[in-house]
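Below: one structure, written as structure tokens.
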Amino acid sequence: VFDMSGAHWDYSAPFTYDGNVKTVRVAGLPDGVTAEYTNASATDAGRYTAIARFSVNDTDNYEDNIPDMTLDWSISKAVFDMSGVSWQQEREFGYDGSIRSVRLTGLPEGLAAEYSDNEAAGAGEYMARAGFTFDEKNYERPEVDQCRWTIDRTPVDVSAVTWDYEEPFIYDGTEKSVAAVNVPEGTVVIYSNASANQAGTYVAAAEIIPDDTDNLLKTRLENLTGRIDKGNYDMSHVRW
């Protein structure tokens, strides 16, 4: 009878999935004994029961009745390296009507992100979240923190707006006024000190207020300093 006291499975701890075949074998077999295996090799993460069945080469002199040996072994799921994963640096935007978004950067190979609340067009504060699609059989599910990001309200664009004032008025007893031109659609202009009927120097102000106050901020035009010069009496018909 063969001495099988030194035979043991060459396995001490779970393997970790890496895409390569993992194998367990019986070590310490005496000379003249060979083994055939079942469920002793695998690639995917999971639990397995290996069976070793033994055969004797010299059946004329040795009994061929060595009991099978079994082993419960496993391949653990791998863990994604998330050390390089982060939300993009730009997380504050100014409203311009376009869709803004935030994304994760540095995702390891084999990991794809699925987002919620990471895209918006209107001004506001948002909390983006990310879930993942991956090989769930072989990898542990990774996690990443939520991301707070904003779209700030922006001032009304008044770059094309000007005052309709080119030169001083001349006093003639009627009211003179100035106004803003090229005012954007969807806004209302509130004037102060923009009308007068007496000669003098005036500083007119205008505030452009948007209808869409959820996304836009009111904007003041640069003040206008204008004049109404004194008039001259028509003396053309005066004579002694």
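Could you identify the single residue in 201, 154 that is hydroxyl-bearing (Ser, Thr, Tyr) and closer than 30 Å to residue 117 by Cβ?
Of the residues listed, the single one that is hydroxyl-bearing (Ser, Thr, Tyr) and closer than 30 Å to residue 117 by Cβ is 154.
Condition first: more than 34 Å from the chain's Cα centre (by Cα) and part of a loop (DSSP other than H, G, I, E, B). Now tell me which residues in the range 44-98 satisfy that.
Within the range 44-98, 57, 58, 59, 60, 61, 62, 63, 64, 65, 66, 67, 68 qualify.
Within the range 12-33, restricting attention to residues that are among the hydroxyl-bearing types (Ser, Thr, Tyr) and surrounded by 13 or more Cβ atoms within 10 Å (Cβ to Cβ), which residue is nearest to the chain's Cα centre (by Cα)? Write out each step before concluding.
To start, the set of residues in the range 12-33 that are among the hydroxyl-bearing types (Ser, Thr, Tyr) comprises 12, 16-17, 23.
With surrounded by 13 or more Cβ atoms within 10 Å (Cβ to Cβ) added as a condition, the list becomes 16-17, 23.
Numbers: 16: 31, 17: 29, 23: 41 Å.
Once the filter is applied, the top-ranked residue is 17.
Got a number for residues in the range 13-30 being modelled with pLDDT of 90 or more and assigned to a loop (DSSP other than H, G, I, E, B)?
Residues flagged as modelled with pLDDT of 90 or more and assigned to a loop (DSSP other than H, G, I, E, B) within the range 13-30 amount to 11.
Quick one: how many residues across the range 99-135 are part of a loop (DSSP other than H, G, I, E, B) and either over 16 Å from residue 82 (Cβ atoms) or in contact (Cβ under 8 Å) with a residue 40 or more places away in the chain (or both)?
8
Can you name every residue in the range 150-182 that is open to solvent by 50 Å² or more (accessible area, probe 1.4 Å) and assigned to a loop (DSSP other than H, G, I, E, B)? Step through it out loud before you land on a result.
Quick first cut of the range 150-182, residues open to solvent by 50 Å² or more (accessible area, probe 1.4 Å) only: 152-153, 155, 157, 159-160, 162, 164, 166-167, 169-172, 174-175, 177, 181-182.
Selection gives 153, 157, 159, 160, 164, 166, 167, 171, 172, 174, 175, 182.
Return the residue satisfying two criteria in turn: it lies in the range 69-98 and is touching a residue at least 40 places away in the same chain (Cβ under 8 Å) and open to solvent by 60 Å² or more (accessible area, probe 1.4 Å), and of such residues it is nearest to residue 53 (Cα to Cα).
77
Can you name the residue in the range 31-43 that is in a strand (DSSP E or B) and polar (S, T, N, Q) and, of all such residues, is farthest from residue 137 (Cα to Cα)?
Filtering the range 31-43 for residues that are in a strand (DSSP E or B) and polar (S, T, N, Q), the one farthest from residue 137 (Cα to Cα) comes out as 34.
Would you pick out the residues in the range 65-80 that are of a type in the set (D, E, K, R) and more than 14 Å from residue 29 (Cβ to Cβ)?
Within the range 65-80, 72, 77 qualify.
From the set of residues in the range 212-240 that are surrounded by 11 or more Cβ atoms within 10 Å (Cβ to Cβ) and farther than 19 Å from residue 179 by Cβ, which is nearest to the chain's Cα centre (by Cα)?
Selected residue: 215.
Working carefully through the options 24, 56, find the one that is hydrophobic (A, V, I, L, M, F, W, C) and in contact with a Gly (Cβ under 8 Å, 6 or more places away or on another chain). Can you show your working first?
On the way: 24 fails: in contact with a Gly (Cβ under 8 Å, 6 or more places away or on another chain).
On inspection, the qualifying residue turns out to be 56.
The values are calculated or read from the model by the stated rules, or taken from the named source; none is laboratory data. All of these numbers come straight from a predicted model, not from anything done at the bench. Positions of Cβ are generated from backbone atoms using ideal geometry, with glycine treated the same way; all protein chains shown enter the neighbour counts. Ligands, DNA and RNA are excluded from the accessible area calculation, which covers all protein heavy atoms including side chains. Shrake-Rupley method; radii C 1.70, N 1.55, O 1.52, S 1.80 Å.
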